[in-house]
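I have placed the structure first, in the form of structure tokens, so that the comments after it can refer back to it.
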Amino acid sequence: MDLPPGCFLSESEIGGKFGASRTPVREAFMQLREAGLVTTLPSRGNFVTRLNREKILEARFLREAIEVANVRRLVEIGMEASFKQALQANMAAQSDAIAQENELQFQLMDDRFHSLLAEATGYSRVAHVLEREKMLLDRLRSLSLRDKGHQSRLLREHREILEAVLSRDLSAAVTITQRHLSSILETLSSLEARHRDYFD
């Protein structure tokens, strides 16, 4: 969101900024197009993709399906001690990031929390699929995470999710996970109201 939706992207400017030749810049743009973050218009150039409500809702639907399946499996099979320790350390790092008002570090630790849950299922592809589906949501998340109160709420919910999983409480684990993931809908509605030009 440092580059707002609809913003023009110059390959030469980006290459100059990062000291990169045209080939890696073009490869990066290709990956961004595949992720749905950049669009190329004939004879006009490359632009940051505008937000699309339906695609965002679809991505959230898929993410919830994966995340709920993750906690269901972890309640069923239990969690290895190494993942429990990693998740507890991760939440301590989230708390430190909030105290230091480091939004980027909090976002990285937030992402890592969900990746660790996915990895703990024992299914090797789950974390990768989850990361791919989250990409369309990350621009909205970057706006909501600028609010320190919102960060604290997410951390509290992370603690509640882990506690429910460790206590093998399926109902609580599913309910808290679903509530945790619904915050993106609040951000979507707020952003649509304030920045109509960001959307298709």
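Some values worked out for this structure:
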quantity: Filter result for the condition that a residue is within 18 Å of Arg179 (Cα to Cα), out of contact with any Pro (no Cβ under 9 Å at 6 or more places or on another chain) and either buried (at least 18 other Cβ atoms within 10 Å of the Cβ) or modelled with pLDDT of 95 or more (or both), over Leu136, Leu87, Leu130; calculated: Leu130
quantity: Candidate set: the range 98-109, residues that are touching a residue at least 40 places away in the same chain (Cβ under 8 Å) and assigned to a helix (DSSP H, G or I); chosen: the one farthest from Leu154 (Cα to Cα); calculated: Glu103
quantity: Unique residue being over 18 Å from Met1 (Cβ atoms), surrounded by 15 or more Cβ atoms within 10 Å (Cβ to Cβ) and of a type outside the set (Gly, Ala, Ser) when the list is Leu74, Leu51; calculated: Leu74
quantity: The range 54-71, subset of a type outside the set (D, E, K, R) and open to solvent by 40 Å² or more (accessible area, probe 1.4 Å), residue farthest from Glu133 (Cα to Cα); calculated: Ala69
quantity: Members of the range 15-43 found to be touching a residue at least 12 places away in the same chain (Cβ under 8 Å) and open to solvent by 50 Å² or more (accessible area, probe 1.4 Å), listed by number; calculated: Arg26
quantity: Counted residues, the range 153-200 - those being more than 22 Å from Ala118 (Cα to Cα), within 20 Å of the chain's Cα centre (by Cα) and part of a helix (DSSP H, G or I); calculated: 9
quantity: Residue ID - surrounded by the most Cβ atoms within 10 Å (Cβ to Cβ), chosen from residues in the range 1-14 that are within 17 Å of Leu137 (Cα to Cα) and not hydrophobic (A, V, I, L, M, F, W, C); calculated: Pro5
quantity: Selection count, the range 11-53, where residues are under 21 Å from Glu133 (Cα atoms), of a type in the set (A, V, I, L, M) and in a loop (DSSP other than H, G, I, E, B); calculated: 2
quantity: Complete set of residues in the range 173-200 that are open to solvent by less than 30 Å² (accessible area, probe 1.4 Å) and either without any contact (Cβ under 8 Å) to a residue 24 or more places away in the chain or over 17 Å from Met1 (Cα atoms) (or both); calculated: Ala173, Val174, Ile176, Thr177, His180, Leu181, Ser183
quantity: Residue count, the range 99-124 (criterion: β-branched (Val, Ile, Thr) and surrounded by fewer than 19 Cβ atoms within 10 Å (Cβ to Cβ)); calculated: 0
quantity: Among the residues listed as Leu117, Leu74, the single one being over 30 Å from Asp200 (Cβ atoms), hydrophobic (A, V, I, L, M, F, W, C), assigned to a helix (DSSP H, G or I) and in contact (Cβ under 8 Å) with a residue 60 or more places away in the chain; calculated: Leu74
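The values are calculated or read from the model by the stated rules, or taken from the named source; none is laboratory data. The model shown is predicted, which means the values in this text are computed figures rather than measured ones. Methodologically, a virtual Cβ is constructed for each residue, glycine included, from the backbone with ideal geometry; neighbour enumeration extends over all protein chains shown. Quick note on the areas: whole protein, heavy atoms, side chains included, nothing else; ligands and nucleic acids left out. Shrake-Rupley method; radii C 1.70, N 1.55, O 1.52, S 1.80 Å.
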